[in-house]
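Structure record follows, encoded as structure tokens.
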Amino acid sequence: ERAVGQIYMPSVNWFLMLACLALVVAFKESSGLAGAYGIAVTATMAITSVLYFEVLRLNWRWPLWKALPLLILFLAFDLSFLSANLLKIVDGGWITLSIALAILAVMVTWRDGRALLARHYGHMRMPLDVFLRDMEYYKPQRTSGTAVFMSISPEGVPHTLLHHFKHNEAMHERVILLSILAAETPSVAPEQRLTIQDLGQGFHRVVARYGFMETPRVPEIVELANAQGLALDVYATSFFLGRETLLTTGDSPMAPWRKKLFAFMSRNSWNATSFFNIPPGRVVELGNQVEL
């Protein structure tokens, strides 16, 4: 809880346990695991040396002439051990490499896919001042009640709000633009949890911050907002969320198989309604097709 960037994920821990048991059952004897274990350990040593070099350069601001000799020294030992163990690929080492490549493919595909979506919605995002000027000029019909539009970024107007206004040509009396941000610390102090900005014309921007050891919960955010005078009722508020349907027919440089993998992971990712503990009966999902 005091280390930056370290998290505990129970599901991942269970998966690792089951994977270890499966390897033990498959190889039956410890001698059979020697090849897989040797490559895993020596490759980890080499990767750790490279990461240490990055820490020296980026975090500790060491000059290149000072950090590079250390990297060369460590890699001279690490790579010699790794190259010696590469001879054991056919004796079980291929399992280590296969697992590593599979996990790497999943992680990099998810990262690149989310970056594609961020760029897609970034191009669609309208500056907030422009949107508010349009609201003041056109004066759309305002319906009773409060609407919360959730947004990844605390900048600009959420695409769900633009999508809603495009099709309904009406706006709620009160509109909350809610962004939930992840801090680089395990927890966030209560006094730093929530910031509220009155944008005028019935619009408010609410930014909630949570540490990586904390679970964001919308009912808790509503209670904190009430304490700051916003007067919200979670069971009398409509929450608008976006849901993408990913199409693999776009012209992005991502390989077709990676597009299909990312689309599969997105379809099976945790539902925002459940993750943020939003009352299901108060959620409105707006669909949007995105070509990767």
Candidate set from the stretch 144-170 (those that are among the small types (Gly, Ala, Ser) and in a loop (DSSP other than H, G, I, E, B)); member that is modelled with the lowest pLDDT = SER153
task = Just name the residue that is surrounded by the most Cβ atoms within 10 Å (Cβ to Cβ) out of those in the stretch 102-140 that are over 15 Å from the mean Cα position of the chain (by Cα) and over 26 Å from PHE203 (Cα atoms).
result = ALA105
request  = Check whether at least one residue in the stretch 140-163 is without any contact (Cβ under 8 Å) to a residue 12 or more places away in the chain and not basic (Lys, Arg), and report yes or no.
outcome  = no
query = In the stretch 44-55, is there at least one residue being free of Cβ contacts under 8 Å to residues at least 24 places away in the same chain, closer than 22 Å to GLY32 by Cβ, surrounded by 11 or more Cβ atoms within 10 Å (Cβ to Cβ) and assigned by TED's automatic domain parsing to the domain that holds ALA19?
reply = yes
query = So which pairs qualify, if the first residue must be in the stretch 24-39 and among the small types (Gly, Ala, Ser), the second must be surrounded by 15 or more Cβ atoms within 10 Å (Cβ to Cβ) and modelled with pLDDT under 80, the Cβ gap must be under 9 Å, and the two must be at least 6 apart or on different chains?
reply = ALA26/GLY32
The stretch 178-194 - residue that is without any contact (Cβ under 8 Å) to a residue 40 or more places away in the chain and assigned to a strand (DSSP E or B) and, of those, farthest from the chain's Cα centre (by Cα) = LEU194
ask   = Of these, LEU194, LEU224, which one is in contact with a helix residue (DSSP H, G or I) (Cβ under 9 Å, 6 or more places away or on another chain), under 18 Å from ILE152 (Cβ atoms) and either modelled with pLDDT under 90 or surrounded by 13 or more Cβ atoms within 10 Å (Cβ to Cβ) (or both)?
value = LEU194
inquiry  = Anything in the stretch 171-185 that is at pLDDT below 90 and out of contact with any Gly (no Cβ under 6 Å at 6 or more places or on another chain)? List them, or say none.
reply    = ALA182, GLU184
query = Which pairs have Cβ atoms under 7 Å, sit 6 or more apart or on different chains, and link a residue in the stretch 210-238 that is over 20 Å from ALA183 (Cα atoms) and assigned by TED's automatic domain parsing to the domain that holds ARG174 to one that is assigned to a helix (DSSP H, G or I) and of a type in the set (A, V, I, L, M, F, W, C)?
reply = LEU232/VAL222; LEU232/ALA225; VAL234/VAL218; VAL234/VAL222
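The values are calculated or read from the model by the stated rules, or taken from the named source; none is laboratory data. Just so we're clear, the structure is a prediction, and the values are computed from it rather than from any experiment. Every residue, glycine as well, gets a Cβ built from its backbone with ideal geometry; the counts of neighbours run over all protein chains shown.
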